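Data block below; observations after.
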Amino acid sequence: MAFLTNRNFLGIPPSIRQRIYFNAGVVIRGYCLALAPRDTSELLPRIPAEEICNTYSLLQTCKVVHQEVLTLICAHNTLALVHDHIDYGLRFLGGLSPQHVSIHLAVAARSDPPPRSSGKALLTGSRLASWLSTARHVLSNTNRNLNLQLFCHTGADSITSAVLQPFQDFPGRLRDCHIELDNQKGESHFEVQDLAREAVNRAKGFDPSLRSSPFRFFDLPFEIRQQILMLTDLVTPFNEIYWSAKNGFMIKRVFNECSDEPMDYAMNYIHSRTHHACPFLFCNSNASSIHGYPTYSCCKCTGYVCCQDRSGYSSRCKCWSDPTSLLIANRQLYHEAIQILYSCNRIIILPSGDFRTAIGPISKRLDISAFITRHMWPEALQHLRNLECVFPAINPLYADMTCGPYFLDYCFALDHLASKADLSKLTVAVYLTVLSSVLTDDKRWFQRELRLRDTHSALRAHTQLLEPFSKLRGMKAFYAYLEWGWRFSIYTVKEQFRPNPSIADLNGEIDSLELSLEQMIMGREYDPIGAGKLQRRPSSWLFKLRITFWYFGWSLSA
């Protein structure tokens, strides 16, 4: 009993004391804490007052408790140097003892700072000396437990080498490092990027000279080379590549920014369906997670380092870039890269005109014909796995679709595809709509046609246009989508883009029409639902088109 009575708090094992600190409400929830002598609300998060009071009280208890609580604060939060208080922050870091700490540094050095750096203090000679002293102290006392984010907008200036010197003197001391040397891509972008990359690699313990010597990529087994290429930008963020005879290759994104702002349920659902691509399109996503999907964002309070938009280097930047360099390196790499490009992405053929351009007597060539016969090498067709074709609108007044000059060329292209493609692995989806649907958003025309005419007459143009696809019978799957201009609603995307319930009387009829077209191509035994039609993710062009018109209240003719 005497032993238990005389035992004080510091006699408790450190692991138990740490648990007590946690339960006492110390500020350890991953906040971004500005190193400033007074409150800087711009960077300080909304920390509960109770946590601040408890932490302050514990820091004032005694020297031992002060050091232990300070260690927890540094280890479980991000410390940020505020540009208005750089001297104070450097002194604070210089006085830290060796502990687990995650620090984000923001340093600027320009006499005429760009807009993003406006108001930041200059990196004078005394401040540079203070930075070098602090950096050496921190790096010498850490052992791969430090994350460092450095902003130093000096570009290719000679002072940059001095700022980065501590990374040369203490290699392999950082767990991760992100450096931005300019907030815009200037003439010296690649030079500055190489400086940042070398400093980061050295700080993380990698040998920077490895990049200066060639790597014998083709000495690797073919399977390993293919797995490496799958991790490159040959695989696009949404696994979609768009092509038209007018614009060539391109990619599309559903949104222009990644946000966790509250939206209605339909928009939330679209975000959840497409958010997996955000790390490859939006390096500046600030939320740690959006709709349950983790992001790869950097610290919200200090910004982010993007290799595409700025001059610097970060391993977190996964922004997609044009993979042309892989396709023009040499012939062997080209053939292997093409295999990945066409087998891992959905190839989507869009009409060269807008969606109001209809197929007519003067149509010379369809984009799908040009893609298959003019653009694609014959040996590349065997790598196609997922082909999607959006046909121009069908003009009901154009009685015979087989009379135009484009039709023979179109049939020849599909014959060519049938002879070269690996049909057992090929999935084809086609989108068709009549002209009135995209001009006036008129759903009643198709309804009247089904009421006044028999199915064969109403679908005559659709049948003529799709019949050449029967040469591809034996492919893995074939899906037909009719009247996409009005049939799919932004508020029903959660049901896999099933038809709009407001036109329920047409749903069953159009489903039957789609089935009849699909079975005309694949055979009477074909079951598109069993082949995965309802599980097929709508492509970004359809998301983007419907979202745009829904958001602005436009019709498709606007």
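The values are calculated or read from the model by the stated rules, or taken from the named source; none is laboratory data. These figures come from a predicted structure and were not determined experimentally. When we count neighbours, we look across all protein chains shown, and the Cβ atoms used for this are built from the backbone with ideal geometry, even at glycine. These accessible areas exclude ligands, DNA and RNA; they are computed on the full protein's heavy atoms, side chains included. Shrake-Rupley method; radii C 1.70, N 1.55, O 1.52, S 1.80 Å.
Please find, within the range 469-519, the residue that is modelled with the highest pLDDT out of those that are of a type in the set (Lys, Arg) and in contact with a Ser or Thr (Cβ under 6 Å, 6 or more places away or on another chain). Full working, then the answer.
Of the range 469-519, the ones of a type in the set (Lys, Arg) are 471, 473, 476, 487, 494, 498.
Subsequent filtering for residues that are in contact with a Ser or Thr (Cβ under 6 Å, 6 or more places away or on another chain) retains 476, 498.
Values: Lys476: 95, Arg498: 48.
Per the criteria, the residue is Lys476.
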Subject >> Given (1) in contact with a strand residue (DSSP E or B) (Cβ under 7 Å, 6 or more places away or on another chain); (2) in contact (Cβ under 8 Å) with a residue 60 or more places away in the chain, index of the condition Phe249 fails >> reply: (2)
Original post:
What residue, among those in the range 301-344 that are within 22 Å of the chain's Cα centre (by Cα), aromatic (Phe, Trp, Tyr) and not in a loop (DSSP other than H, G, I, E, B), is surrounded by the fewest Cβ atoms within 10 Å (Cβ to Cβ)?
Top reply: Tyr342
Original post:
Looking only at the range 364-417, which residues are assigned to a helix (DSSP H, G or I) and touching a His at 6+ places or on another chain (Cβ under 9 Å)?
Top reply: Ile372, Thr373, Pro378, Glu379, Ala380, Leu381
**OP:** Name, by its number, the condition in (1) over 29 Å from the mean Cα position of the chain (by Cα); (2) touching a residue at least 12 places away in the same chain (Cβ under 8 Å); (3) over 15 Å from Tyr313 (Cβ atoms); (4) not in a helix (DSSP H, G or I) that does not hold for Leu128.
**Re:** (4)
Subject >> Of residues in the range 369-395 being over 29 Å from the mean Cα position of the chain (by Cα) and among the polar types (S, T, N, Q), the one least open to solvent (accessible area, probe 1.4 Å) >> reply: Ser369
**OP:** Take the range 211-247 and flag every residue that is in a helix (DSSP H, G or I), open to solvent by 60 Å² or more (accessible area, probe 1.4 Å) and modelled with pLDDT of 90 or more.
**Re:** Phe218, Asp219, Phe222, Glu223, Ile224, Gln227, Ile228, Met230
Subject >> Scope the range 8-36; condition part of a loop (DSSP other than H, G, I, E, B) and open to solvent by 80 Å² or more (accessible area, probe 1.4 Å); matching residues >> reply: Asn8, Arg29
